[in-house]
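Handing you this structure, nothing more for now.
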Amino acid sequence: MSTEVDVVIIGAGAAGLAAAIELQSTNLKFLVLEARNRIGGRVCTDEDTFTHAKVDLGASWIHYYGPENVLYDYYVSFNCDKKQSRHSGYRICFDYDGECFSSKTKCHAQNICEKLYQHIELFKCKNKNKEDQSIEQVIQTEYERLVPDGPIKRLVNLMLSGDEQYEGSNFENLSAKYYGLENDSSCDKWVSCGYGNLLKFIIKKHNLSIQLNTFVTHINTIDSDRIAIKTSNDSSIVYCRRVIITIPLGCLKRETILFEPPLPDWKRNAIDQMGMGLMNKLIVQFSTSFWDCDMCSFLHACNKQRGRFRFTICSHAPENILILFVTGNFARELESLTDSEILEEIMKFLRQIFPTESISEPIKYNFTRWGQDTLAYGSYSNIAVHACPDTIKRLAKETSDGRVHWAGEHANVNCGTEDWALGCVHSAFQSGQRAAKAIRSQLCSS
Ligand SMILES: Cc1cc2nc3c(=O)[nH]c(=O)nc-3n(C[C@H](O)[C@H](O)[C@H](O)COP(=O)(O)OP(=O)(O)OC[C@H]3O[C@@H](n4cnc5c(N)ncnc54)[C@H](O)[C@@H]3O)c2cc1C
């Protein structure tokens, strides 16, 4: 048994869906193969676990929100209640023992952080043609000189760990040379009814059909006329003229798909060089809230060590949900624990922050483990030490004489322009559009 189409798209996350939408405007016959039993990939809304609440397990904000964002028109026509965005800066910050930081302390900590970032900028200017270093290495001496022990240090750590969360990685792994390339997320839109539902809306709007539960195992490009794609479903082979690979960078690193012939060295090196981060959400629902719902939707809480349970989103009654974000080494450490062990850590932390409240056990919880998810192996990509914009270009570059195309949040090549973005849903979407357009110009003009 075999199937023959013009194009196969592997993966039905944002990149795969965008590629499919783009190909709909052609007369090319295409197929979208998705290993999961659902669409969306790292965009996934949990509608079942929690009472009265839809909670995103992956993406929840449209970054760089505005008319130029490829998802803007969809969001505007999506019938989502337009609740306020949940970003509120460092308005409410607790120390690890529940003490609220004064504005003076916050101001002091912010000034120190600015100096540390200025130091990174200085390094970038002075070392354009020199070896890269990690952010940790670059700021270390200044950090030791500027940051006094005690509350200021915990607050500075809290602020720095915000940026680590944004990258999904600790500073020791991130490139100082290219830090800040895609960092301006000043305009974010929280998709209150679930980012996963926005993607479902897009699929419905375009009437896309996706072949679910189909894990691609092999891509064979030895025959110059047609590409053979094997899946784990059965012995059938799908033949096509072009393929778009949108599987996550984490899967490419683990070589979950076998290529025959193997990928060229320049592509393999780019895959190895780029960083794949890890950020998880620990979502807990209580019967009543023990936090002040009127004051905020964001609580930032310090811990004695940088990045441990750094901040929390809380939702108002009747949901009474807290979402704790964990990143990098700490996220990896927690993934190795059982749910009840994680819960114990969370409760210990919350009881420290709210020492005067009697906090009962949560009624529901869900903890993501994106690092162990075999169809993601991480949360989103970042520019690791020794990676650079050219790494991303190579990740996006076609292979096998222009027949194998690459897309995904890690392979968006609009570097250097205003809309440069990496690691986001819209960057994945843009990359899918780009790959499909390239195929259209290859196949439709001939
Ligand atoms: C916790 C978390 C929070 C995030 N927050 C945000 C946010 O607020 N805003 C934002 O913009 N971004 C956020 N992101 C990042 C965003 O979710 C991703 O960048 C984006 O969804 C990636 O889309 P993609 O199409 O490149 O990959 P994916 O969505 O991962 O799609 C790839 C698809 O390929 C499938 N696949 C893998 N291997 C195979 C195979 N062998 N055969 C067939 N199919 C396969 C996978 O199942 C998956 O569906 C977050 C991510 C995480 C994990």
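The values are calculated or read from the model by the stated rules, or taken from the named source; none is laboratory data. Just so it is clear, the model here is predicted, and its values are computed rather than measured. Counting neighbours? That spans all protein chains shown, and the Cβs are built from the backbone with ideal geometry, glycine included.
Tell me which residues, restricted to the stretch 416-440, are modelled with pLDDT under 95 and more than 16 Å from the ligand (Cβ to nearest atom).
GLY416, THR417, GLU418
Applying the selection to the stretch 356-414, what residues are basic (Lys, Arg) and touching a helix residue (DSSP H, G or I) at 6+ places or on another chain (Cβ under 9 Å)?
Result: ARG369, LYS393, ARG394, LYS397, ARG403.
Let me ask you something else. If you check GLY40, GLY66, which single one turns out to be in a loop (DSSP other than H, G, I, E, B) and surrounded by fewer than 17 Cβ atoms within 10 Å (Cβ to Cβ)?
Only one candidate passes the filter, namely GLY66.
Inspect all residues belonging to the stretch 355-370 and state whether any of them is among the aliphatic types (A, V, I, L, M) and either within 11 Å of the ligand (Cβ to nearest atom) or in contact with a Gly (Cβ under 6 Å, 6 or more places away or on another chain) (or both).
no
Same structure, new question: Name every residue in the stretch 231-267 that is within 11 Å of the ligand (Cβ to nearest atom) and more than 28 Å from the chain's Cα centre (by Cα), in order of residue number.
ASN233
I've got another one for you. Within the stretch 400-408, does at least one residue satisfy the condition of being within 16 Å of the ligand (Cβ to nearest atom), at pLDDT 95 or above and in a loop (DSSP other than H, G, I, E, B)?
yes
Do we have ILE271 as touching a residue at least 24 places away in the same chain (Cβ under 8 Å), buried (at least 17 other Cβ atoms within 10 Å of the Cβ) and over 25 Å from SER161 (Cβ atoms) here?
Yes: the conditions hold for ILE271.
Would you pick out the residues in the stretch 5-37 that are more than 8 Å from the ligand (Cβ to nearest atom) and among the charged types (D, E, K, R)?
ASP6, GLU22, LYS29
Quick check on the stretch 43-63: of everything there that is more than 16 Å from GLY13 (Cβ to Cβ) and of a type in the set (Val, Ile, Thr), which residue is surrounded by the fewest Cβ atoms within 10 Å (Cβ to Cβ)?
The residue in question is THR51.
Can HIS410 be described as touching a residue at least 24 places away in the same chain (Cβ under 8 Å) and at positive phi?
no
One line per residue, one yes/no per condition, for (1) closer than 30 Å to ASN233 by Cβ; (2) at pLDDT 95 or above:
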| residue | (1), (2) |
| --- | --- |
| ARG36 | yes, yes |
| ILE39 | yes, yes |
| ARG42 | yes, yes |
| ASP46 | yes, yes |
| ILE62 | no, no |
| ASN69 | no, no |
| TYR74 | no, yes |
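Let's see how each residue does on (1) of a type outside the set (A, V, I, L, M, F, W, C); (2) touching a Ser or Thr at 6+ places or on another chain (Cβ under 6 Å):
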residue: SER232; (1), (2): yes, yes
residue: ARG241; (1), (2): yes, no
residue: ILE247; (1), (2): no, no
residue: GLY250; (1), (2): yes, no
residue: LYS304; (1), (2): yes, no
residue: LEU324; (1), (2): no, yes
residue: GLU335; (1), (2): yes, no
